[in-house]
Every structure is written in structure tokens, then in C-alpha cells.
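See below for the structure under consideration.
The values are calculated or read from the model by the stated rules, or taken from the named source; none is laboratory data. Source: prediction; values computed, not measured. Neighbour counts are summed over all protein chains in view; Cβ atoms, including those assigned to glycine, are modelled from backbone coordinates with ideal geometry.
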Amino acid sequence: MGCLLRMALSSCHHVFLFLACFQAAALAAYVEPPTNVTLHCRNMNNTLQWSYSHFQPGLKFKVDISALSGTFDDILVEPPALHADVSFLSDPNNDYYITVSAVIGQNKSEESPSQGIIFSYFKDSQADQKCFVDLPSINVTAQMDGEVFFHFRHPWLFYNHNWLSGQNRRPRKKSLDAQIRKPLPEFKYDVVIVNQETPPQRFSCEKRICEGKLVADPGQTQHCLKVKGEMQKMAVKATQEYCAATAQESTHGPNKSIYVPIVLAFLLTFGVLALVVFIVYKKKTTPSTPSPRSTTFTSRLRQLTFGAVGDAVLVPVLVPVVEPNSTPLVSPVEEESTEYPPARLSSTEADLSSIDEDEPQNSGYEKRLVLVQLSPDEETEGYRV
């Protein structure tokens, strides 16, 4: 009986020892799963984030990806990073299922969140999380005829690269450029004027610049637009209302400031031209006043012609010097007119000049002796007043 009891106790001891070792092994293999796993998807930029509190050596995070169509490789993330870029999962023709787990060696934690995250860019998808893209900024202008004009860039020009990256995580530049040169996909959108009892108006665009017009209520002081649409099965949403003042306010508002530099430039140019014209006119109409010859008190050399035609005789002429107290008998102009032109003198005229030397002179000017060369071998004397 005692032997049986000892054998039973020995067997129980081995069982307890086995259970204890198993529990210790299980505790050592346990890896804490990530928490607060969230996905941010917008404009084809997708980021998966999570939290983790107990870091251990050799810890890594594994992102598992599944899709309705196609297969994708898992992503390994090393701490301290607690996020992963999954922007390549942006095809609106597909739905994606994604989870995160912690891995230490051969041990792996439970997947988090437990039910995973299902998301898609397809606007009519049944996924728990539907992603969308933003509408580019819209320029709105109120027209004088009561219409509102708007224009913006085609959304595909902003998000095409991200989608192509989703088709091939390492696209070649040549294929990317070829895709961009293809015709733009149709963008259908609805526009409505805020606080106006009119139904939304549908537009369609396949050009680089989308534009349109709406009839606005002239009684409103401001016109604001709400826009939403779809492109390649994706929802395109405006992040705000886009407004424009009425045409009357625009005339007296900030837009008027663009004319100020133009007016100033015109006035400056006109002023410079007027100044140039005035200077030219002044120069043309002001007469030049050269100094009278009577103010010149230097000796002059005059040329007199005597004898036959063509015989030139140089006669030195001394210009009379007027004393300061003497009273001129003629004006400067008249003095100029009293100058004698070159003349030929005969022998008789030379004798007369000699006779005039003895006569008294009362003209107020002093006689000046003049030597006249009649020929190379003959000279005579004469006087000049």
C-alpha cells in the first residue's frame, strides 16, 4: 500500500514538473502585440501607424497585406519606427486587408487589430474605411453679366504618380512618362452655389484645365461654390468652399490695386517726354547772341586787292582804340558797316591821300598811316581813319 502511494506521488511530481516547464516555455514565447493600429489614407498617400510599450532585443514588426486581387509581399519594420508607408495600395479597383504583429525570432504576436483593417479608394466599396482625394484649389471670378466663372487643374495631374507607384513599386521613368502623356481620365463633378435655390450642375472634364460658368443671384454680395466629383471610381472632395466677390465689389476692391502701377508708369513716362519736348523747344526758339565785333581790340589783318584783277595785296590795318572817355559817333553796328572793302587805288588816288594828310580832321578819330604796295617794286602811303 505504501509502495503504491509512493509511486502515485512520484507520478504526480513528474506531471507537475512538466506543466511548470510548459508554462515557463509558453511565457517565454509570448510576444506582446501592437496596439492602437490606425490607417491614414488620403490623396493616395497611405500611412499605417501603431503603438508598442515593451521593446525587447530582436523585436521587429510585420505588416501582413491581403487583397481581393493580386498578392503583395509583407513589410518588416525595425524599431524605433512605429509606422509603415503603404501608399502603393491605392488602386481604386481593389480592396485591401492589412494587420500588424510583433516578431521576436521565431515567436510572433497576435495580429492587430484582431479583425484587421479593410480599406479601398473605390467610392462604392463595402470596405470599412473608404479613402478619397482632395479637389485642387479652385479660382472663382464673378462676371459683369451675372455669371460666376471657375477653373482648376485636373485632379489626375496631382495623383497620377502615386497610383502608378501602386501598380509597380519601382516604376521605370520611361513607363511613367508614357503614362502621363496618355489622355486624362474623365472627371465628372457637381457644382452648386451656396445659399442659392438652384440644383447642382453637372460638369465633365478631360483637359488639363477644367472650367465652367454658373448663373448667380445678382442680389448676393458674395458667391461661394461647393464642388464634389469622381475620377477613376475615386471620390474627389473639396476641402472648403471657394468664394468670389461680386463684380461691383471687385471693381472697388483689392483687384483695383493692379491698375495703380500702370497709371503711375504712364504718368512718369508722360512727364519725361514733356520735359524733353520743352528742352528741345527752348533750344530752338532762343536766338544766339554773338559778341559784337566792336568789342574786339586786337589787330586785324585785312586783304586788299590792287592793280589788275587777281593781284592780291596784303595791307596791315590797325583797328582804332577808343578811349574810355570818348563818345562814339556811331553804334557798334554802324561801325561794322564803315569798314572798307578791298579796293584798287590808282596813282591819282594816292596823291589825293597825300593832300588829305595836311587837312584838319574833326571826326574825333585819329589818322593811321597805311603803306600800300602797288607792285613788287613800288609802294605808296595812304591814311585810313
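Odds and ends about this structure:
- Residues that are of a type in the set (Ser, Thr, Tyr) and in contact with an Asp or Glu (Cβ under 6 Å, 6 or more places away or on another chain), drawn from the range 64-108: THR99, SER101
- Selection from the range 113-126 of residues that are of a type in the set (Gly, Ala, Ser) and buried (at least 18 other Cβ atoms within 10 Å of the Cβ): SER120, SER125
- If you check SER90, SER137 for being surrounded by fewer than 16 Cβ atoms within 10 Å (Cβ to Cβ), within 21 Å of PRO155 (Cα to Cα) and at pLDDT below 95, only one passes: SER137.
Residues checked against (1) assigned to a strand (DSSP E or B); (2) closer than 22 Å to GLY229 by Cβ:
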residue	(1), (2)
PRO57	no, no
ASP64	yes, no
SER69	no, no
PRO113	yes, no
GLN126	no, yes
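- Scanning the range 26-80 for residues that are surrounded by fewer than 17 Cβ atoms within 10 Å (Cβ to Cβ) and hydroxyl-bearing (Ser, Thr, Tyr) yields TYR30, THR35, THR38, THR47, SER51, SER53, SER66, SER69, THR71.
- Tallying residues that are surrounded by fewer than 19 Cβ atoms within 10 Å (Cβ to Cβ), assigned to a loop (DSSP other than H, G, I, E, B) and among the polar types (S, T, N, Q) within the range 93-111 yields 3.
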